[in-house]
Structure formats: C-alpha cells, structure tokens
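Below: one structure, written as structure tokens.
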Amino acid sequence: MRLRMLIPVLTVCLLALGCSNDDTASPAETGGPSSTTSTTTTTVPLDPKPGSPGVDGEALLPNAGNGGYDVSHYTLAIAVSDDRSSIEATATIAAVATQDLSTFNLDLAGLDVASVNVDDEPAGFSRNGDELTVTPEEALATDAEFVTRVEYSGAPQPVQDPSAPGTIGWLSAPSGIYVASEPIGAKGWFPGNDHPSDKARFTFEITAKNADTVVANGVLTSKEPAGEGRTTWTFEQSDEMATYLAQVAVGDYDLIESTGPNGLPIRHAVVRNVPADKREVLDLTAAQIEYFEPLFGPFPLDAYGLLVADAGPEFALETQTLTLLPASWLLNSDAEFTGMVMAHELAHQWYGDAVTPARWTDIWLNEGFATYAEWMWEDHAGVTPLDESVTDAMGQAGRWREAFGPVASPAAPLLFSPNSYEGAGIVLHALRKTIGDEHFFEVLQRWASENDGESVTTEQFETLAADVSGQDLTAFFAAWIHSDTLPVMPA
Ligand code: ZN
C-alpha cells in the first residue's frame, strides 16, 4: 500500500464516511482504507531525511539503536536448523515514523539479508558495519505507521561485549542455544532498534526439530507440527520489552511448570544434566515473588521462570519473564548464592524490565535496585543482615568512585562495575535513611507502577523521590550519584 503520505488525510475521509453513511464497512472489515484514496484533496509536503544511525543522547554506545522511528511490535519467525548452527528467519517490524524519513536504519550484525519490504513493497537496503540501511520506495511521513519485513539467514555470530571481555547475543553450547544480549547483542540475531529507549511487544515463532525444547519470553500460545519432524512454538510477549531482554532457547531443556502467587504461571527450562537435588533451589521463586510484591507492587509481567543453560559467559541475565542462569552456578555453588542471584534477577523484572533505563548511563537504575533487592532478600532469608551488606559496600565504595567516577555516569567498559551494583545499592539505602521507610517504599512502588512499560531517566527518578518525600533532594543526588567522592551514610 502506498498510503504513507496520505494517512492524515485518509483519517479525515474515513471519519467523514463513517458519519455520512451507516452502511460503510469499517476499515477493519474492509481490510483498510485503500478504496477511499480518490477523495484525497490535500497532501502535506514531506521533508524526508535519513533517520539517525544512533540514538540522541546515547553517549556510552553511540551506534546502538537508531533514530527516526519507534517500534511497536516485532514478530520474529526463526527456523533453527536441526544441528542448531544456523537460522532461516523473517523479522516483521511494526513501527511509527517520528520524522519524515527518506531512509532508516536497523541494527544487524552478520547474517545474510535476502530481502527487505516496507508495507509489502520491495525496499532498497545496504549494509555498513552493523547498520542495515533501508530505503523505502516512498518516503515515510511523520506519524506514519509502517511495517518492515526482513528475510535473513545464516549462522548467528556472537557479538563482542563492549562492557567486558567476552561475547554476547545468540550463544551456543552442545546442549542448546540461548541468548544473553545485554547491552548490544540482540543485533546478532535479529534486525531491530537495538536500544532500551525503544521498547516493543514481541511474538516469537520458533521452529526446531521435534526433539528440541523451545522457550522464549512471555507465554506459549501454540505448538504446531511444522512438517519434516519439526515443530513451531509460538510465544507472545505482550508487555513492552527492550531488545536486550529478548530470550530464545532451543535444545535439551526440561520444562518444569508450576503456578505462583495469584496464579502467575511459572515455567523453568533446565538443561538436562542438572540433577534433581541441584534444581530444588528453583522452588524459591514463588517465595521470592511473595516477598517482593508487598515491597515493589504486583509482579508486572505475565509469567516468570529461569532458563538454566550451559552458559559460557559467567553472568546471569534478567531476560524478561525468563531469567538466564548459568548451569555451572547451580552445579557448583550453594543454594544461598544461587538464591541471592535469583532474587537479584527477579527484582530486575520490576526494575530493568517493566521499567527500563532510557540510556545506558542510567544503568544504576537497574543494578542498584536489583542489588538492594538482593540485600533485602538475604536479610529476610537470614543469610546476611542488610546493615552488614551496606557497611561492607560502604567500605569499598570510596575506592570504586575514585576508580569509576560518579554512579550515574559510568564509562562503557565499566557499565557493570561494582559502582553500578553495590555502589548504587548504597544510594538507595541512603535515600531510605533520608526520606524514611514509608516514603522510600512509596517511591519504589510508584517508580514501578507509573513507568510500567516505559523507558526512564535518572532525572525522572530524582523528581519522583522529591515529589513523594516533599523534600528538596538536589544536594542528596548531587552527592550520592553525581559526585566521585563518597558521602557519609545517614544514621
Ligand atoms: Zn543485575
């Protein structure tokens, strides 16, 4: 359809038709307004320009994400080869233009692109590094909704982690593939706007051999034979999600299903070689949700569980509704440690996933919150008293700030330094001491409920804390997150 420049005009026509003729079928019934184009009287001239290859104000990872449009939905149809080494995929990306666009970029690393369509018309495309530039046949007007379809294939390659030695993205072990993308690994397996400022809903249609188990974010909505000994599993992630939180795992995983608080579906996927006694710790999930809900508010997503994979990179990741946990942690550490990591990643479902930093510099909003949650859980579980965790971090935080700078301005290689974790956990404790428990937990709950599905900034958090407490917290935040010297913990 070539409706893009005409959409504002057509809307008016349709409204007029709807008013004047009761017999006129609605656009939904007729499949769209294409039959009414003849009534067009005016067109607004466009001033199309290329969309930016990065996101404004993204200082840490300047090529992450793109400007000029806002994605609302991804459908990722991915067929994984029987040996799990390669994929044949179609990404269907629904977006809205935020400027008049002559071209726009998607982030994609590696893989072969066979075709790109925009609104069912073939579009031009070119590749330059990890930028896929799309040239639609006609320019897109500001506010136009458009659908981009990318057909691509190949063996997804891991992406170099800018924040640590090692690789991220689509990762494989003999037991199966899984995903760990934070911060910029999603571009290694699907084309998109790979930046946390542009959250979207996702549908996953994953086809794999019958013997494989498939899990992805959200809820399984169908499982259908796909012929040739293969099955297509469809998952809906109906809450907004950042690209770095997308998860797909295909392989030798056992599915363990149960029901949590308020009927929440809980499903874990555990690589088969983890013995039963090492899996028991996963049963803590329901108790942890029950512990956090009164503190943070209702669990914000429609399912939860852990994906225990043979993860090479030694980190856990709060992939939305389905946290990645390395099997080696379950196998080699005690239940207290695993329970602590589980509490951390669970807390991220509120802070990080439902509410997401708009810029990578705001990472303390993720890791400081999850760390403080982890400390509260350990206190509750009788593992370590909260004061001890705080005192321990305070003892080191002066050095962290000297080495890494202010909490709210990390450098890219130091995104996940202790300054973003324990060094930011103490900021929340200091805030609690400054505004009192009642206001503090009101801030935490409102932060989650008022920004559910959104991308947020540090400044917004400062404003909320000041509003809730009725205090001027300018000096507090200047000292605790914008300075490289460590203040004294309030009594
Ligand atoms: Zn974390």
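Counting only complete DSSP H runs, which helices of the chain cover 18 Å or more along their long axis at the Cα atoms and score a mean Kyte-Doolittle of -0.5 or above?
Within the chain the helices that satisfy the rule are 7-20, 335-350, 422-435.
Per 10 Å bin, what is the whole-percent P(r) computed from every C-alpha pair distance within the range 223-271?
Calculated over all Cα pairs of the range 223-271, the distribution is 17, 41, 37, 5, 0 percent.
Using only the alpha carbons of the range 334-491, what is the convex hull's orientation-averaged projected area in square nanometres?
With every direction weighted equally, the projected area is 8.7 nm².
Taking θ = phi - 60°, what integer Hz values does the Karplus form 6.51 cos²θ - 1.76 cosθ + 1.60 yield along the range 238-247, in sequence order, with x for Gly and Pro?
Per-residue couplings from phi come out as 8, 9, 4, 9, 6, 4, 5, 9, 5, 9 Hz.
Taking the range 233-337 on its own, what percent of its Cα-Cα pair distances exceed 23 Å?
Everything past 23 Å amounts to 26 percent.
What percentages, rounded to whole numbers, describe P(r) for the range 276-345 computed over all alpha carbon pairs with 5 Å bin width beginning at zero?
The percentages, shortest bin first, are 4, 16, 29, 27, 15, 8, 2, 0.
Can you give the relative contact order of the chain as a percent, counting alpha carbon pairs under 8 Å and 6+ residues apart?
11 percent
Using only Cα positions of the range 327-366, each an equal point scatterer, no hydration layer, compute I(q)/I(0) via Debye at q = 0.14, 0.20, 0.24, 0.25 Å⁻¹ and quote the log10 values to two decimals.
-0.41, -0.65, -0.75, -0.77
Over the range 166-287, calculate the relative contact order: mean separation of alpha carbon pairs under 8 Å at least 6 apart, over the residue count, as a percent.
Relative contact order, the range 166-287: 25 percent.
Taking a cut-off of 14 Å, what percent of all Cα-Cα pairs in the range 164-215 are separated by more than that?
In whole percent, the long-distance tail amounts to 62.
If you roll a 1.4 angstrom probe over the protein chains with everything in place, what fraction of the accessible area of the range 219-353 belongs to carbon and sulfur, to the nearest %?
So the carbon and sulfur contribution to the accessible surface is 53 percent.
Dividing the Cα convex hull volume of the chain by residue count, how many Å³ per residue is that?
So the per-residue hull volume is 170 Å³.
Helix-derived [θ] at 222 nm for the chain: sum -39500 (n - 2.57) over DSSP H runs of at least 4, divide by residue count, nearest 500?
-9000 deg cm²/dmol
Sort the range 278-412 into rounded, prolate or oblate with this rule: let a ≥ b ≥ c be the square roots of the eigenvalues of the Cα gyration tensor; rounded if a/c is under 1.5, and if a/c is not under 1.5, prolate when a/b is larger than b/c, oblate otherwise.
In terms of gyration-tensor shape, rounded.
Taking the Cβ of Y74 as the center, what net charge do the other residues with Cβ under 14 Å away carry, scoring Lys and Arg +1 and Asp and Glu -1?
Cβ neighbours under 14 Å give a net charge of -4.
Treating cross-link reach as a plain straight distance, find the lysines whose alpha-carbon is under 18 Å from the alpha-carbon of K187, omitting any fewer than eight places away in the same chain.
Leaving aside lysines fewer than 8 places away in the same chain, those within reach of K187 are K199.
Report, please, the projected area of the range 241-295 averaged over directions, based on the convex hull of its C-alpha atoms, in nm².
5.2 nm²
How many Å² of accessible area per residue for the range 280-357, probe 1.4 Å?
I get 26 Å² per residue for the range 280-357.
The values are calculated or read from the model by the stated rules, or taken from the named source; none is laboratory data. All values reported here derive from a predicted model rather than from experimental measurement. Because the Cβ atoms are built from the backbone with ideal geometry, glycine has one as well, and the counts that use them run over all protein chains shown. Surface areas here come from the heavy atoms of the whole protein model, side chains and all, with no ligands, DNA or RNA. Shrake-Rupley method; radii C 1.70, N 1.55, O 1.52, S 1.80 Å.
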